[in-house]
Amino acid sequence: MPLYSTFHYKLNIRVSVWDITESRSDLAVQSLTQKNLQRLDGMKSLVHQKGFLSIRKLLEANGYTDTDLYYHETGKPLLIDGTQVSITHSAQYSALALAEVPVGIDIEHVKPVVGRIAQKFTKNEAWFLDVTASDYLDKLTVIWGVKEAIFKIVNEPGISFNHHIAVSEFSLDAQETTAVLDFNGQQTGFTIYFESIADYKLVVATYLI
């Protein structure tokens, strides 16, 4: 299908979401670089192939092509015009964030497995989580997405989701919270935005101002 939705947040952050319902051939784009053609052909998973191509569709929807996107040696995506960019994809959706400020994005499926591994990433949030609440898995999924999005911004090895990132208490209705990264003797604050898309949680992070 075409572009699923577009969200705008403060600080001129634009998020575009694609619902991946097409076949690989229907998602084909003409502007893939030779390097990325080889990268695509090397992907064994059809889900990963379609996620990769749908991100290129989102680039096109925002006036860019595959040749405008390149990667830092750490794997962080960059655009040649200096616009800040972050990308994410799951089995069903892909999303692209463009901004004038550093930005991180993540989309996660709400599913029971997140509850089984909660102790691995919620050390700093356990005090406000209620395992008996109907929204427990939704909140866990947002928290995981927050930490993924922050890691994409900072992009430094050694960051522990469980020990270094703390998400402030939030309600799902608010669709906004804050978080702090305490790493290498420095504390950094982040503003967090989140949305529900079907049974997925879309999370966007940027530096707190």
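Observations
- Verdict on residue 131 being surrounded by fewer than 19 Cβ atoms within 10 Å (Cβ to Cβ) and either part of a strand (DSSP E or B) or not hydrophobic (A, V, I, L, M, F, W, C) (or both): no
- Filter result for residue 90 (among the polar types (S, T, N, Q), under 21 Å from residue 194 (Cα atoms) and either surrounded by fewer than 20 Cβ atoms within 10 Å (Cβ to Cβ) or touching a Cys at 6+ places or on another chain (Cβ under 7 Å) (or both)): yes
- Odd one out for residue 103 among (1) within 21 Å of residue 201 (Cα to Cα); (2) open to solvent by less than 60 Å² (accessible area, probe 1.4 Å); (3) without any contact (Cβ under 8 Å) to a residue 40 or more places away in the chain; (4) of a type outside the set (D, E, K, R): (3)
- Among the residues of region 4-26, those that are open to solvent by less than 60 Å² (accessible area, probe 1.4 Å) and modelled with pLDDT under 90 comprise 5, 6, 7.
- Residue check for residue 35: among the basic types (Lys, Arg) and over 29 Å from residue 146 (Cβ atoms): yes
- Hits in region 42-75 (condition: among the basic types (Lys, Arg) and open to solvent by less than 50 Å² (accessible area, probe 1.4 Å)): 50, 56, 57
So that you can scan it fast, the table gives a plain yes or no per residue for (1) touching a Gly at 6+ places or on another chain (Cβ under 6 Å); (2) farther than 17 Å from residue 169 by Cβ:
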| residue | (1), (2) |
| --- | --- |
| 108 | yes, yes |
| 112 | no, yes |
| 123 | no, no |
| 129 | no, no |
| 138 | no, no |
| 145 | no, no |
| 153 | yes, yes |
| 157 | no, yes |
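To keep it simple, each residue is scored yes or no on (1) in contact (Cβ under 8 Å) with a residue 24 or more places away in the chain; (2) open to solvent by less than 30 Å² (accessible area, probe 1.4 Å).
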residue: 77; (1), (2): no, yes
residue: 82; (1), (2): no, no
residue: 97; (1), (2): yes, yes
residue: 108; (1), (2): yes, no
residue: 117; (1), (2): no, no
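The values are calculated or read from the model by the stated rules, or taken from the named source; none is laboratory data. Small disclaimer: the values here were computed from a predicted structure and weren't measured. Every residue, glycine among them, receives a Cβ derived from its backbone with ideal geometry; neighbour counts consider all protein chains shown. Side chains included, ligands, DNA and RNA excluded: accessible areas come from the protein's heavy atoms. Shrake-Rupley method; radii C 1.70, N 1.55, O 1.52, S 1.80 Å.
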